[in-house]
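To keep things clear, I will list the structure first and then write my remarks on it.
The values are calculated or read from the model by the stated rules, or taken from the named source; none is laboratory data. All of these numbers come straight from a predicted model, not from anything done at the bench. Note: ideal-geometry Cβ built from the backbone for every residue, glycine included; neighbour counts use all protein chains shown. Side chains are part of the model used for accessible areas, which takes the heavy atoms of the whole protein and leaves out ligands, DNA and RNA. Shrake-Rupley method; radii C 1.70, N 1.55, O 1.52, S 1.80 Å.
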Amino acid sequence: MKIGSNTEIPDRVFKFYSLEDYHVKAFLNHYLYLSHPSQLNDGMDACRDLLYLDSNSMTQEVYERLKKQIILKVPQLRTSRLSFESDSKNGYEALKEALYNVCFNFSGIVSFTDSKKSFFNSAMWAYYTNEEGFAIEFKPQKLLEGIMSNPINKQFVSLSYGKVKYKEELEALNVKDIHTIDEIGTAIVFQKQKYWENEAEWRMYIESDLYLNKDKAYGRYIHYPVEAIERICLGYKFWNKVSENRCNIKKDVWQYTVKNEYLPFVKKLLSLCNIVFMSTKCFGRTYIYMNKKIARENPTPTRSFDYLCYSIEDNEITIEINEGKGISEYNEFSENYSK
């Protein structure tokens, strides 16, 4: 698998998940889903209209060259609609559509954020998890190495990664400048409109030599090792979502009855309990950052993440929030973190 980038590898990236069944399965089986642009939440993101063609400058020579690229990628594709004469009457829309579809039927996008503030960003938690889901903090170097070395991923032929560039106006790709279909994805997936910049997105763009069916998710899974996970953080509504009953046994100790459909997920979390943290609210806390104590006393509640100790018997789970042993190096009160 070839690998390329437009930036250095960050030390951490983060991905938010809701508790939809497909997200739970992705976590249980340690894979990332490669989204087709039509599945992204922004209709302008890597859309087909970013392929631009000046009809006045199109020549039959250029048209045939691009048509040949399509046939090389998908020899079995019916190309009867790709006629220079007939397509010219519609602004060469058939050619643009064929180029775009052939590109993204063999590739996909994985989105993360590389902002360490994201764990404390209530908008991100609300939008992507409804506070019921979870966020995974990945070690990108381990993630990339694990993806590259896993034989299950052998169908994938190239991986590009990097920061998304936020622009007032998106830059279109002139179709006549395309020499290989592979150029389309890398040219348009690493840009978004400026009003998304608070997400500080970091992406992977991955290409396959096999067809990826976006309707049935066939082939759109790329597997990673559990060692690539640094931490898992749960939304503050998580236990209310996955359990039927709860009982406060004593201070900071709760007992929940886990719903059967979430039991495999909760047991998997238990197997990783040394890296699982719970989102909570706090009014004041002393953090340790780079061996320096940072005290904050504020009457306004804010988000914190506390380490969990828990045990499970059948579907009864007992949880103790270990206050004071939470995530500290990214805390929102420190002036030392980057971004």
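Among DSSP beta bridges lying fully in the chain, give the percent that are antiparallel, nearest 5.
Working: 60 of 72 bridges.
Here the antiparallel bridges make up roughly 85 percent for the chain.
On a full-extension model of 0.36 nm per residue, what is the gain between residue 217 and residue 316, subtracting their alpha-carbon distance, rounded to one decimal in nm?
Numbers: separation 99, 0.36 × 99 = 35.64 nm, distance 3.41 nm.
Here the answer is 32.2 nm.
DSSP loop trypsin sites (Lys or Arg not before Pro) in segment 1-110 with at most 13 other Cβ atoms within 10 Å of their Cβ, which ones? Write out the running numbers ahead of the final one.
Working: sites: 2, 12, 15, 25, 48, 65, 67, 68, 73, 78, 81, 89, 96; in loops: 12, 78, 81.
Sparse-neighbourhood loop trypsin sites (Lys or Arg not before Pro): 78, 81.
Using Cα pairs closer than 8 Å and at least 6 residues apart in sequence, work out the relative contact order for segment 1-111, in percent.
Details: 56 pairs, mean separation 39.9, N = 111.
About 36 percent, as a whole number.
Which three extents, in whole angstrom, do the alpha-carbon atoms of segment 97-234 cover along their principal axes, largest first?
Largest first, segment 97-234 extends 45, 41, 28 Å along its Cα principal axes.
Can you pull the accessible area of residue 58 for me, 1.4 Å probe, Å² to the nearest 10?
In the full protein context, residue 58 sits at about 20 Å².
What is the helix-to-structure angle for 60-73, meaning the angle in degrees between its Cα long axis and the longest Cα principal axis of the chain, kept from 0 to 90 and rounded to the nearest 10?
Compared with the principal axis, the helix lies near 50 degrees.
What FRET efficiency do you get for residue 236 and residue 90 if R0 is 51 Å and r is their Cβ-Cβ distance, rounded to the nearest 0.05?
Details: r = 53 Å, r/R0 = 1.03.
It comes out at approximately 0.45.
Using Cα-Cα distances under 8 Å and only pairs 6 or more residues apart, what relative contact order does the chain have, in percent?
Values: 611 pairs, mean separation 73.8, N = 339.
Relative contact order here is 22 percent.
Could you calculate the contour length gain from residue 167 to residue 261, that is, 0.36 nm times the residue separation minus the distance between their Cα atoms, to one decimal place in nm?
Numbers: separation 94, 0.36 × 94 = 33.84 nm, distance 4.25 nm.
So the extension gain works out to 29.6 nm.
Take the Cβ-Cβ distance between residue 28 and residue 157 as r, set R0 to 22 Å, and report the resulting FRET efficiency rounded to the nearest 0.05. Could the numbers behind the result be given before it?
Details: r = 27 Å, r/R0 = 1.22.
Between residue 28 and residue 157 the formula returns 0.25.
How much net charge surrounds residue 23 when only other residues with a Cβ under 12 Å from its Cβ are counted (Lys, Arg +1; Asp, Glu -1)?
Numbers: positive: 15, 25; negative: 20, 21, 132.
So the surrounding residues net to -1.
Report the extension gain between residue 126 and residue 226 in nm, rounded to one decimal, defined as 0.36 nm multiplied by the number of residues separating them, less their alpha carbon distance.
Stretched out fully, the residue 126 to residue 226 stretch lengthens by 33.4 nm.
Suppose R0 equals 25 Å. What FRET efficiency, 1/(1 + (r/R0)^6) with r the Cβ-Cβ distance, do residue 3 and residue 196 give to the nearest 0.05? Intermediate results must be reported in sequence, preceding the final value.
Working: r = 25 Å, r/R0 = 1.02.
The pair residue 3/residue 196 has a calculated efficiency of 0.45.
In Å and whole numbers, how far do the C-alpha atoms of the chain stretch along each principal axis, longest first?
78, 43, 33
Name the residues whose placed amide hydrogens come within less than 5 Å of the amide hydrogen of residue 51, ignoring near sequence neighbours (fewer than 5 apart) on the same chain.
173
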